[in-house]
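What follows is a single structure, written as structure tokens, with notes after it.
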Amino acid sequence: MAKNTATKEEVEKFTVGRDRELDVLLAEFDVLGSLAHTQMLESIGLLQTSELKLLQKELKVIYREIKAGQFRIEPGVEDVHSQVELLLTQRLGEAGKKIHSGRSRNDQVLLDLKLFIRSEIQKTVVAVQELFEQLLALSEEHKDKLLPGYTHLQVAMPSSFGLWFGAYAESLVDDLLMLQAAYRISNKNPLGSAAGYGSSFPLNRQLTTDLLGFDSLNYNVVYAQMGRGKTERNVASALASLAATLGKMAMDVCLYLNQNFSFLSLPDNVTTGSSIMPHKKNPDVFEIMRAKCNKLQGLPNEIALIITNLPSGYHRDLQLVKESFLPAFQELKSCLQMATFMLQNLIVKENILDEEKYKYLFSVEMVNNEVLNGVPFREAYRNVGLAIEEGNFNPPRQVNHTHEGSMGNLQNDQIREMMNQTLATFNFEKVQSAIERLVVDYRP
């Protein structure tokens, strides 16, 4: 049998995978971490003040290069941390070699991921807020237009477009509560945990925590390392919750655009046609959105399967999490932004319930009317059922719902207040102020 003669280059290609490509997404956060870390090193005497000034100035130059799209990881350089250190060493000499004191690539990538997550969650929240406002605006605009409600996909009771749009707005509030919990888990500083067992240097972990705007530390250094994978799984679960709301809405839209329902329509410029059927107007945007959101809902399970049988400490398996996790934010943001755009183009049909096939939607209204006139509920139910069976059911096609959250009392102001309260808990301003102080002389 021929001996396997895999070269070092082949081993490197297999183990590095897409790491260099994906690490570019972490580059600006790696520099932010180094800006804080070098200040801490100077405070404990591991850097001279003159060295710190040189390093801070050059790190901000690299930060500016990253923002301008001029940063790349060179061939033969393993990751973003090594590339930043290489640039500093090339430009500053010995001072550049000192920045790795007191940290490991393990806590460095943990830090980069947490800073990346914080930034991406903030962008996601902005996109959610825009979709939320669009949904509430449509809920108010179309609140008096009735829509069939279904259970078991059978015609059930009257609903309204006010309720339908508003339901997805309120769903986003609960989704953001999950995202807020994921944000709090992410907003803890792992720097100083090194390879997972701390350092013999007298590090000041509270200083880097304050400089980077974290709420607190991951105190136990072993647990800090255990947070790799766990953090991504928790964040992915929150993203999946948002994706589930979007996916369900996309399915509703596809259904309501179907000619057999015909509750909604879209202009030609946002639909696609068929290669052989000239009458077709396909809702491809919502179909792609539905599929993307279904993929996102699988992400927490994918991460869980990678990390589920790993003992404590770092393992190279964790590298693979990045391949699905880092791009997930952009996938979700594109869906949120496209949903907002497409909703602006939706055309809502009026007088849907005038069609004969929807008259049985009002059976509950008739039962309730009899009850309000003193007939016991079970007797009223039998009376209306008998009228339907005998073909004598001719209800008035109006509804009078007044309780909280019903067609006549949507409670959209209360839903907006819940959203505002949830948004306030993120406290993005603290993080933004800390980052601005770190890169004070950076100008885009």
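Roughly how many Å² of SER363 are accessible to a 1.4 Å probe, to the nearest 10? Here the residue's solvent-accessible area equals roughly 30 Å². In terms of its alpha-carbon gyration tensor, the range 1-133 comes out oblate; a/c meets the 1.5 threshold, while b/c is at least as large as a/b.
Any idea how far the Cα center of the range 79-157 sits from the one of the range 306-320, in Å? The range 79-157 and the range 306-320 have Cα centres separated by 23 Å.
Per residue, the range 29-118 exposes 38 Å² of solvent-accessible protein surface, assessed with a 1.4 angstrom probe and all protein chains in place. If the chain linking LYS248 and LYS8 were pulled fully straight, counting 0.36 nm for each residue of separation and taking away their Cα-Cα distance, it would gain 81.6 nm. In loop segments of the range 305-394 as defined by DSSP, the GluC sites (Glu not before Pro) with at most 12 further C-beta atoms inside 10 Å of their C-beta are GLU350, GLU355, GLU390.
When the Cα atoms of the range 353-423 are enclosed in a convex hull and the volume is divided per residue, what value in Å³ results?
128 Å³
Residue separation of ASN394 and VAL371 scaled by 0.36 nm, minus their Cα-Cα distance, works out to 6.5 nm of gained length. Specify whether the C-alpha gyration tensor of the range 240-395 places it in the rounded, prolate or oblate class, a ≥ b ≥ c being the square roots of the eigenvalues: rounded for a/c under 1.5, otherwise prolate if a/b is larger than b/c and oblate if not. Verdict is oblate for the range 240-395. Can you tell me the orientation of helix 105-141 relative to the chain, as the angle in degrees between its alpha-carbon axis and the longest Cα principal axis, to the nearest 10? Helix 105-141 sits roughly 20 degrees off the main axis of the chain.
Applying 1/(1 + (r/R0)^6) with R0 = 25 Å to the Cβ-Cβ distance of ARG91 and ARG18 gives a FRET efficiency near 0.35.
Evaluating 6.51 cos²θ - 1.76 cosθ + 1.60 at θ = phi - 60° for every residue in the range 293-306, the Karplus couplings come out as 5, 5, 4, 5, 5, x, 4, x, 5, 4, 5, 4, 5, 6 Hz, glycine and proline recorded as x. Could you compute the FRET efficiency for ARG316 and VAL61, with r as their C-beta to C-beta distance and R0 at 30 Å, rounded to 0.05? Result of the calculation: an efficiency of 0.40. Among beta bridges identified by DSSP and lying wholly in the chain, the antiparallel ones come to about 80 percent. Given only helices, namely DSSP H runs of n ≥ 4 each adding -39500 (n - 2.57), what is the per-residue ellipticity at 222 nm of the chain, to the nearest 500 deg cm²/dmol? Dividing the helical sum by the residues of the chain leaves -20000 deg cm²/dmol. Net charge dipole, the chain: roughly 1220 debye, given to the nearest 20, about the Cα centre with Cβ charges of +1 for Lys and Arg and -1 for Asp and Glu.
Summing charges over neighbours of GLY405, with a neighbour being any other residue whose Cβ is under 15 Å away from its Cβ, gives -4 when K and R count +1 and D and E count -1.
Each Lys and Arg contributes +1 and each Asp and Glu -1, all at the Cβ; summed about the Cα centre of the range 25-175, the dipole is approximately 540 debye.
Under the convention that each Lys and Arg Cβ holds +1 and each Asp and Glu Cβ holds -1, the size of the dipole of the range 2-105 around its Cα centre is about 140 debye.
Each Cα pair under 8 Å and six or more residues apart adds its sequence gap; the mean of these over the residue count of the range 139-242 is a relative contact order of 25 percent.
The values are calculated or read from the model by the stated rules, or taken from the named source; none is laboratory data. Quick caveat: nothing in here was measured; it's all calculated off a predicted structure. Ideal geometry is used to build each Cβ from the backbone, glycine not excepted, and the neighbour counts take in all protein chains shown. Please note that ligands, DNA and RNA were not included when accessible areas were found on the heavy atoms of the full protein model with its side chains. Shrake-Rupley method; radii C 1.70, N 1.55, O 1.52, S 1.80 Å.
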